[in-house]
Amino acid sequence: MTKLDEERPASFCVSAPGKVIIYGEHAAVFGKPAIAAALSLRAYLQVTPNDDPNTITLDFPDIGLSQSWNRHDLPWEDIKGYIQRSSSDLKPLVTPELIPEITDLLSDALDDIDNRMHYVLCHCFLYLYVHLCSHDTLGMHFTARSTLPIGAGLGSSASTAVCLAASMAYLGGHVERPVTGLNERVRSPHNKHHAIISPADFIDEWSFVGEKCFHGNPSGIDNAVATHGGAVMFQRTVSSINPNVRTNMRNFPPIKLLLTNTKVPRSTAELVGGVGKMNIEFPQVSQAILDAIGHLSNEAYQLMIRPGFAEEELLILQKLVNINHGLLVSMGVSHPTLEQIKVITDTNKIGATKLTGAGGGGCAITLIGSDVSEEKIQATIKQFEVHGFETFETSLGGKGVGLLHESDVSLETRDRVFSPEVFQSLGSRKEIENLAGVDQQVWKFW
Ligand SMILES: Nc1ncnc2c1ncn2[C@@H]1O[C@H](COP(=O)(O)OP(=O)(O)OP(=O)(O)O)[C@@H](O)[C@H]1O
Ligand SMILES: C[C@@](O)(CCO)CC(=O)[O-]
Ligand SMILES: [Mg+2]
């Protein structure tokens, strides 16, 4: 082995799922409970060494972004004084708000970016990079692909933030490689009373910082699901002292969901901002709506965990879906196309529909009735297609953040799996899943 080979950092890929919020979006931002589950649609981030170890390269073809920096041009010295570190292990500490001085110091590196979406992504990348990596981290090539629709309510920002946080936490030496395979149970469950944070919680915390870069005031539910996977009842703690409450729902009931994308673009930041304004304009009205959503999430949770979940529970869950959508409409976050989906599913009597995620366009979910025939569902999907809507087939409750290390991939396929060019050129969702997934069994999960 030559000296160069020894110094060459290993290639790896990280991946995190999107999510579907079943009850409680928007109210989650104000500390009300919400229920969400991980999707099988995921974001993938390939990280490979650059030929020039001084260059950090980003390729995010889904949004048409190619960007690079010389690592020595980042303002490491000036930023150093603003980064807070744990006194015990010197790991960087998340702060309740983004540090404006750091954002300001990064502005030179972002100067030549005039596309808003590119700017937000690059700011998020650099903000995490200067905290989690260092001046000595060799320049890597970060290439991202997602099988999720972007900006459609399925948590594309959070799964991207989790991939960024996980890759940098690993590069920066803050977390070890995961060891748990796809079908294995976590070997050493983290002791909650132990002072040291688990790798998954470390990634969760830093991806929350990434979500803040994307949309200012996130609740943390999207990145929590993208990190930990499965299905959760989540409640943000509005005081900064207590941690958020995240209750895993291991026996998530076998509900059948139709996920339909209106393809109307919208921004979570703007929609969350709109609800914030309503809260200031009509505080009592707004509080009553948010409380009502919190109550219905609690009711739904009790039904979902009831042993012997059956028809009776499903019918109540459908009623709660309808109430939840009505309350979201009253908060001004629906869209005529989401109402069209609702009219079609109601007319065809296939189930109860609500918007999911931030709304304003994006996706709706339909909780399908147990007696609805497959023909009826297919006829409804055809009707959606006439309106230009797209329906996704996906399963709920998948794995959270995972890592595929080059040493886990056979030598014959390694060059292909870890080639940025090949990764960027992949066409279909299946191609992305198969190449990045290789054999799914090879991935390890934190
Ligand atoms: N594959 C990707 N490549 C680059 N940027 C991405 C990717 N996926 C998401 N993003 C970033 O996330 C932003 C969309 O986030 P936004 O929060 O508005 O929608 P969402 O996360 O898809 O929906 P919701 O927040 O309602 O679940 C994009 O504008 C982009 O900045
Ligand atoms: C609208 C919102 O509640 C969900 C977005 O997926 C925002 C958040 O909780 O961060
Ligand atoms: Mg988002």
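Where a number appears in this text, it was derived from the coordinates with a stated rule and is not lab data. The model shown is predicted, which means the values in this text are computed figures rather than measured ones. Note: ideal-geometry Cβ built from the backbone for every residue, glycine included; neighbour counts use all protein chains shown.
Restricting to DSSP H runs of at least four residues, report the calculated mean residue ellipticity at 222 nm for the chain, -39500 (n - 2.57) per run over all residues, nearest 500 deg cm²/dmol. Write down the numbers at each step before the final one.
Working: 15 runs with 178 residues, N = 446.
My calculation for the chain gives -12500 deg cm²/dmol from helical runs alone.
According to a simple spin-label model (label point 7 Å from Cα along Cα-to-Cβ), what is the distance in nm between Gln424 and Lys319?
Result: 5.5 nm between the two label points.
Give me the one-decimal nm value for the distance between modelled label points at Val238 and Gln284, 7 Å along each residue's Cα-to-Cβ direction.
About 1.7 nm, to one decimal.
Is there a quick way to get the dipole size of the chain? I mean about its Cα centre, with the Cβ of Lys and Arg at +1 and of Asp and Glu at -1; what is the value in debye to the nearest 20? Intermediate results must be reported in sequence, preceding the final value.
Working: 36 positive and 50 negative charges, 289 e Å.
So the magnitude is around 1380 debye.
If you add up the charges near Leu314, with Lys and Arg at +1 and Asp and Glu at -1, over every other residue whose beta carbon is less than 13 angstrom from its beta carbon, what do you get?
Surrounding charge for Leu314 is -1.
Between Asp108 and Ser407, what FRET efficiency follows from the Cβ-Cβ distance if R0 is 25 Å, with the result rounded to 0.05?
Working: r = 38 Å, r/R0 = 1.51.
After rounding, the FRET efficiency stands at 0.10.
What is the extension gain from Ile150 to Asp136, computed as 0.36 nm multiplied by their sequence separation minus the C-alpha to C-alpha distance, in nm to one decimal? All intermediate terms of the calculation are to be shown ahead of the outcome.
Working: separation 14, 0.36 × 14 = 5.04 nm, distance 3.31 nm.
In short, 1.7 nm is gained.
Using a Förster radius of 41 Å, what is the FRET efficiency between Lys263 and Ala10 based on their Cβ-Cβ separation? Nearest 0.05, please. Could the numbers behind the result be given before it?
Values: r = 39 Å, r/R0 = 0.95.
The computed FRET efficiency comes out at 0.60.
If we count every other residue with Cβ under 10 angstrom of Gly361's Cβ, Lys/Arg +1 and Asp/Glu -1, where does the sum land?
Numbers: positive: Lys263, Arg266; negative: none.
Net charge around Gly361: +2.
Given R₀ = 45 Å, FRET efficiency for Asp51-Tyr82 by Cβ-Cβ distance, to 0.05?
Working: r = 32 Å, r/R0 = 0.72.
After rounding to 0.05, the efficiency reads 0.90.
What is the chain's relative contact order, in percent, from Cα pairs under 8 angstrom and six or more apart in sequence? Provide the component values of the computation, followed by the final result.
Numbers: 842 pairs, mean separation 111.7, N = 446.
Worked out over the chain, it gives 25 percent.
Pop a pseudo-label 7 angstrom from the Cα along the beta-carbon direction at both His72 and Lys256 and give the gap in nm to one decimal.
Computed distance between label sites His72 and Lys256 equals 6.3 nm.
How far is helix 116-132 tilted, in degrees, relative to the longest principal axis of the Cα atoms in the chain, given as a value from 0 to 90 rounded to the nearest 10?
60 degrees
Which order, highest average first, do 248-254, 296-302, 82-88 follow once you tally other Cβ atoms within 10 Å for each residue and take the mean per peptide? Spell out each step's value before the answer.
Details: 248-254: 13.3, 296-302: 19.3, 82-88: 11.1.
Going by the mean number of other Cβ atoms within 10 Å, highest first, we get 296-302, 248-254, 82-88.
Quick check: from the Cα gyration tensor, does region 117-190 come out rounded (a/c under 1.5), prolate or oblate?
On the way: a/c = 2.32, a/b = 1.14, b/c = 2.03.
Since a/c reaches 1.5 but b/c is at least a/b, the shape of region 117-190 is classed as oblate.
Return the ratio Rg/(2.2 N^0.38 Å) for the chain, where Rg is computed over Cα atoms only.
Values: Rg = 21.8 Å, N = 446, 2.2 N^0.38 = 22.3 Å.
After normalising by residue count via 2.2 N^0.38 Å, the value is 0.98.
Starting from the Cα of Val94, move 7 Å in the Cα-to-Cβ direction to define the label point; list residues of region 266-301 whose amide nitrogen is under 13 Å from there.
none
Just to confirm the number: angle between the C-alpha axis of helix 374-386 and the first principal axis of the chain, 0 to 90 degrees, nearest 10?
70 degrees
His72: net charge of surrounding residues, Cβ under 12 Å, Lys/Arg +1, Asp/Glu -1, itself excluded? Intermediate results must be reported in sequence, preceding the final value.
Details: positive: Arg71; negative: Asp52, Asp73, Glu77, Asp136.
Net charge around His72: -3.
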